[in-house]
1. Filter region 277-304 for residues that are under 14 Å from Ala107 (Cβ atoms) and among the aliphatic types (A, V, I, L, M) and give the result.
2. Just to be sure before I move on: is Gly447 of a type in the set (Gly, Ala, Ser), closer than 25 Å to Ser240 by Cα, in the same structural domain as Gln312 (by TED's automatic domain parsing) and buried (at least 17 other Cβ atoms within 10 Å of the Cβ) in the structure I sent?
3. If you take the residues of region 29-56 that are farther than 15 Å from Phe89 by Cα and in contact (Cβ under 8 Å) with a residue 60 or more places away in the chain, which of them is nearest to the ligand (Cβ to nearest atom)?
4. Within region 108-126, identify whether any single residue is assigned by TED's automatic domain parsing to the domain that holds Asp39, buried (at least 22 other Cβ atoms within 10 Å of the Cβ), acidic (Asp, Glu) and within 24 Å of the chain's Cα centre (by Cα), and answer yes or no.
5. Look at region 266-298 and say how many of its residues are buried (at least 24 other Cβ atoms within 10 Å of the Cβ) and more than 16 Å from the ligand (Cβ to nearest atom).
6. Quickly run through region 220-265 and pick out the residues that are within 24 Å of Asp282 (Cβ to Cβ) and not in a helix (DSSP H, G or I).
7. Among the residues of region 273-302, write down those that are under 19 Å from the mean Cα position of the chain (by Cα) and of a type in the set (Asp, Glu).
8. Please work out if Glu167 is free of Cβ contacts under 8 Å to residues at least 24 places away in the same chain and surrounded by 14 or more Cβ atoms within 10 Å (Cβ to Cβ).
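The values are calculated or read from the model by the stated rules, or taken from the named source; none is laboratory data. What you see is a predicted model; the values in this text were computed from it and never measured. Here the Cβ positions follow ideal geometry from the backbone for every residue, glycine too, while neighbour counts run over all protein chains shown.
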Amino acid sequence: MARTNFKKHIVCIGAGYVGGPTMAMIAARCPEYAVIVVDINPERIAAWQTDCLPIYEPGLLELVRESLGRNLFFSTDINANIHKADIIFVSVNTPTKTYGEGAGKAADLQYWEKTARTILQVSDSNKIIIEKSTLPVRTAHAMERILNANEKGLHFEVLSNPEFLAEGSAVADLEKPDRVLIGSRETESGLKARAEIVDIYAHWVAPERILTSNLWSAELSKLVANAFLAQRISSINSISALCEKTEASVREVALAIGTDSRIGSKFLNASVGFGGSCFKKDILNLVYICEHYGLHEVARYWESVVMMNDYQQQRFVTNMIKVMFNTVADKRIVLLGFAFKANTSDTRESPSIFVARKLLGEHARLVISDPQALDNARIDLQDCTQRIEFSEDPYAAAHKAHAIAIMTEWDIYRDLDYERIFNHMEKPAFIFDGRNILDHEKLFNIGFNVFSIGKPPLKHF
Ligand SMILES: NC(=O)c1ccc[n+]([C@@H]2O[C@H](COP(=O)([O-])OP(=O)(O)OC[C@H]3O[C@@H](n4cnc5c(N)ncnc54)[C@H](O)[C@@H]3O)[C@@H](O)[C@H]2O)c1
């Protein structure tokens with residue numbers, strides 16, 4: 001029989017890429033807590049309770065199954081669950097604003113504020129409210145003002161516990177996080193709430209990896225972490241352009257600089273550019289905040305990280321068109337990979353979207369292949385599907401193709417039989433390795449014209 005006497009009720013608002021996996025981990029490691037994930041999207045809530053989860057992450061299905069129906073529940077009944085919650089994690093989406101003041105840069109906090117008002121409306125007991133979403137620094141202040149201006153005599157303690165998981169390795173990251181960060185007010189009630197949240201993570205995370213801070217440092221640290229990660233990618237991508245002009249190899253440069261322990265080797269792979277729902281929006285948000293405080297030079301500095309990423313994507317597709325004799329009209333071009341990175345079905349802000357649209361604008365015929373992201377690709381390109389084929393099979397996709405572009409670093413693309421692919425392609429056959437994952441010499445010897453990132457091309461003409 002299902003247990004009913006739980007120590008506490010944790011509710012998570014938002015059953016997305018963050019809310020689902022983080023709550024599945026908390027439920028698995030803290031069986032004495034009831035963990036209920038709520039969302040306004042009934043299809044998402046239904047899918048979390050099937051074998052076909054709404055998102056793909058290695059190991060996630062097993063993790064969810066461990067606790068589903070025991071102490072992990074998914075529900076669309078937002079009000080009733082908020083009402084009985086002791087602790088509420090808010091992990092709704094915080095996209096870039098597309099309208100009004102701050103459009104194109106500031107975070108759109110409408111979903112955020114709605115949850116605050118719902119919490120206020122349906123609560124009749126004190127609660128701890130935790131910001132899990134990535135938010136502009138000082139959002140907690142606004143949250144406190146909305147929540148604590150109530151006439152019910154209730155107290156809501158607002159904490160910031162930003163999520164650092166990376167899509168594609170979410171379960172492993174949650175299992176063994178580099179750190180968990182919990183920010184609170186440094187008042188008696190703030191410190192008490194902080195200790196309660198520390199206690200949850202302490203079930204499986206070593207104490208030295210649980211960092212505590214003031215609220216504003218926790219909020220800002222998440223934006224800064226994403227800005228620094230994206231900055232490394234833009235830095236090495238900027239150098240890839242210089243390598244192509246000078247016959248240096250960006251792989252060799254990355255190895256040479258990355259072995260310096262002060263620099264480190266991670267996030268130094270040159271590529272067609274970063275994607276994902278977070279990097280661009282969080283940096284633009286940081287830029288907007290800096291402008292708000294009159295720090296224009298700081299704003300321009302971080303904005304250039306996004307501009308370099310746009311340049312890299314543009315450079316990649318412009319080069320494709322140029323080397324294919326300045327026209328791709330009616331040519332069959334295969335995009336291998338549509339997800340923004342390997343091991344995820346997520347295509348948000350994927351460079352593939354930009355590249356696909358540019359090629360379609362040049363009247364190419366596209367074939368899009370991906371092991372997990374084709375459903376999302378169909379949605380992303382739904383306004384222009386006439387010239388697009390979708391195929392899970394890379395060999396069928398490459399049949400009679402003029403060119404292949406590697407867009408996602410899926411392992412399966414490293415080990416394809418490229419000789420077989422070459423034999424069925426139109427000649428001259430082109431391959432554009434947007435992730436630098438292939439053996440370029442080998443492909444050249446098969447007969448391909450090979451264009452990678454940050455290395456001179458290998459051409460037969
Ligand atoms: N995706 C990542 O890798 C990642 C990593 C760290 C942090 N974050 C941050 O976490 C937050 C969530 O990101 P995500 O990728 O999980 O987003 P998501 O879009 O996958 O999920 C958000 C969910 O919130 C739901 N929602 C929106 N308004 C709601 C409301 N009023 N009541 C109930 N549910 C509501 C949506 O229906 C959606 O299912 C964002 O702020 C993001 O920046 C994301």
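1. Ile283, Leu284, Leu286, Val287, Ile289 - these are the residues of region 277-304 that are under 14 Å from Ala107 (Cβ atoms) and among the aliphatic types (A, V, I, L, M).
2. Numbers: of a type in the set (Gly, Ala, Ser): yes; closer than 25 Å to Ser240 by Cα: yes; in the same structural domain as Gln312 (by TED's automatic domain parsing): yes; buried (at least 17 other Cβ atoms within 10 Å of the Cβ): no.
No: the conditions fail for Gly447.
3. Only one residue fits best here, namely Ile55.
4. No, that holds for no residue.
5. Number satisfying all stated conditions: 4.
6. Of everything in region 220-265, those that are within 24 Å of Asp282 (Cβ to Cβ) and not in a helix (DSSP H, G or I) turn out to be Ile263, Gly264, Ser265.
7. Asp282
8. no
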